[in-house]
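The next block holds one structure in the form of C-alpha cells; read it before the comments.
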C-alpha cells in the first residue's frame, strides 16, 4: 500500500516511512521531518456550513448549498488547502421523498448511522441553551484526495448520554422543526462548533461562514477577543447565498433571550445583529471583514440590500472530477492529461474528435435512460431529445414554466420529439413547492402518449450525477433575481450537456448566446415591466426550442457537438471549484 504525504503529496510506503505522527486517532506519514512539522504547526481555515453534501449515503444536505460545501471540501483537499469543515450530524437527514401516483409528496426520515462512515471523537463540549448545559460530541470524517491532501469534516451531535430527550434531538433533522428548534441548531453549530474545534486542538487562523446559520460563532470570538469587534472582523469571512432579505434567518429577541441569555449579553447581539430581531445574516455581515456573493449579479444585488457593506464576488464552481461522468473522464484523460487538478485545461477540448465526444455522451445518456425506465417504466428512448430539470422544488424555480402553453408545446413536439425528466424535493412546509410536483404529475398524464415525462423521486447526489451527464439539454427557469448562483448547469457543462436557461445567477456570466447554449428571456439589465419580461421569457422558451434547439439536435449533428465542446471548453474550464477555492485563498484566507 502506498499513501501520500498530506503536505507535499509525495508517495510513501507506510511500512518504510521514517516520519509519521498520530493526531485525533489517525496516523499520517511524511517524506521528511520538515513536512511533518508543517502539518503539526499549520493553521487552518474553519469552514462552517449548516449542510454538507459529501455522498448520497450521508444525507446531511438538502440541495445546492450543501453540495457546494462538499465541492469546497473536495477541491480544498485536492489543492492541499488547510481547511477543516464543521456541520451538524443530522442523524435523520433532510427527508426521504416518496411521491404517490397522484403526485403528492410524502416525507420520511432519512436515518443513517454516523459510526459506519466516521470516528467518534473522545472529547465533548457544552453550550448553554435555555438555562441548561447541552453536551455536544463530534464525529470525524476525513476526505482524502488523490493528491494526498486531507480535509477533516467535524459532524456535531447532541445525541449524548446525559442530555434530555429534547436536547438529544437538536441535531436530528436538517432544517426541521420550528423557529425554536432552528435557533437551537444554530447555537450548536456556531458556538458548539467553535468550542469543539478548540477542544480538538485545531490551530485556527480564519473562520468562514457559509451562509448566516453559523454566525453566532462571532459572539464566541468576541468573548475570546475582549469584546473587540475589529479583532473579530479580521478573523471572519462570510459568504451569502441568498438574494432575498425575507429568506434570511431572523429570531425574536424574546426567544433569543430565553435560549441564549446565559451565554451572551443580549445588548451585544442587538448592536451587531439588528435592533428589532436577531438577523443572522446581518450579524455575519457586521462582524466579517471579507464578504462575498456567489456571482457577480448576486454581488450587485447584495450591495443594494446592504448598502453599508463592501461585498465582493467569487462565482461558485463545481468539483470537476466529481461531476464528470466516467465516459468523459476517460476522454479527458486521453486527450487532456492533467485536467483533473487543472480544470482550466478543458479549454483544449477541441482536440477531441467529434465522434468520440458524441459516443461518450450516448453512453452517459443510455445509463440515464436505462435508470429512468427502471424506476418509472415510462419507456424513454435514446434517440429522443431529452431535457432535464432537477433542483429543489420551490416556487421561484418555476419547474412548470415549460407547461405554460400546452397546445404550443404539443405543436413543438411535432417538429421534433422531446422527453422531459424532472427531480427535486420540496421542504415539508413548502406547500407551493409540493403543488409544483403535483402539477407536473398532472401534465404527465395530460400529455401521455405524446410527450414522455418522468419525475424521479428522492433526488440525491448520485441521481444528480446521472441527470447532469445524461440529458441533452439542461433547463433552468428561475424567477430573477432569486437564483443567487445555481450550480447544476455547471455540472451539466462538464459532460457536454447544453444549457438553456433564464439569465439569472451564474448563467449571466456563462451564457454566450448560441455558443455555450441559449438564454431564456432578456438580459437582467434591460429595462422593462415585469409583465413584459415574463412574456419575453415564454416567447424565447418556445421559439428557441422549436426553431433552434430541436432543428440543431436532429439535423445539424456537427453544430450540436460544437455546442457540447463549447460547454466544456468555455464553461466547465472556468466554472469549477478549483478556480473558486484559489480565489478564496488569495482574496480572503491569506489576508
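Rule-based calculations on the coordinates, nothing more; no lab input. What you see is a predicted model, and the numbers here were worked out from it, not measured in a lab. Note that each Cβ is placed from the backbone with ideal geometry, even for glycine, and that neighbours are counted across all protein chains shown.
Just a few scattered comments:
- Classification of segment 114-247 by its C-alpha gyration tensor yields a rounded form. The axis ratio a/c (a ≥ b ≥ c) stays under 1.5.
- Two-site FRET efficiency, residue 379 against residue 509, from Cβ-Cβ distance with R₀ of 41 Å, rounded to 0.05: 0.60
- Full extension of the chain segment joining residue 43 with residue 180 gains 45.8 nm, where the gain is 0.36 nm per residue of separation less the Cα-Cα distance.
- Cα gyration tensor category, rounded, prolate or oblate, for segment 1-41 with a/c compared to 1.5: oblate
- Shape category assigned to segment 482-591 from the gyration tensor of Cα positions, a/c cut at 1.5: oblate
- Label point distance in nm, residue 223-residue 306, each placed 7 Å from Cα along Cα→Cβ: 2.4
- Helix 557-566 axis, angle to the chain major axis (alpha carbon atoms, nearest 10°): 20
- Over the chain: helical MRE at 222 nm, DSSP H runs n ≥ 4 each giving -39500 (n - 2.57), nearest 500: -10500 deg cm²/dmol
- Taking 0.36 nm per residue of separation and subtracting the current Cα-Cα distance, fully stretching the chain between residue 201 and residue 415 would add 70.6 nm.
- Rounded to the nearest 10 degrees, the inclination of helix 354-376 to the longest alpha-carbon principal axis of the chain is 80 degrees.
- The residue 23 and residue 126 beta-carbon pair, evaluated with R₀ = 35 Å, returns a calculated FRET efficiency of approximately 0.90.
- One chain, two ends: residue 133 and residue 276. Fully extended at 0.36 nm per residue, the span grows by 48.7 nm beyond their Cα-Cα distance.
- Segment 31-56 and segment 160-185: distance between their alpha carbon centers, rounded to Å: 28
- Entry note, segment 1-41: relative contact order of 38 percent, from Cα contacts under 8 Å with a spacing of 6+ residues.
- Ranked by the mean number of other Cβ atoms within 10 Å per residue, highest first, peptides 467-475, 43-51, 414-422 order as 467-475, 43-51, 414-422.
- Here the calculated FRET efficiency for residue 2 and residue 289, from their Cβ-Cβ distance with R0 = 35 Å, stands at 0.25, rounded to the nearest 0.05.
- Checking [x] 28.5; [y] 25.0; [z] 25.9 against the coordinates, the calculated Kirkwood radius over Cα pairs in Å falls under label [y].
- Rounded tilt (10° steps) of 326-335 against the dominant C-alpha axis of the chain: 90
- Beta bridges per DSSP, both residues in the chain: antiparallel share near 40 percent.
- For the listed peptides 443-451, 133-141, 456-464, a ranking on the average number of other beta carbons within 10 Å per residue, highest first, reads 133-141, 456-464, 443-451.
- Contact order relative to length of the chain, as percent, for alpha carbon pairs under 8 angstrom and 6 or more apart: 13
- Ordering of 30-40, 64-74 by burial proxy (mean other Cβ atoms within 10 Å per residue, highest first): 64-74, 30-40
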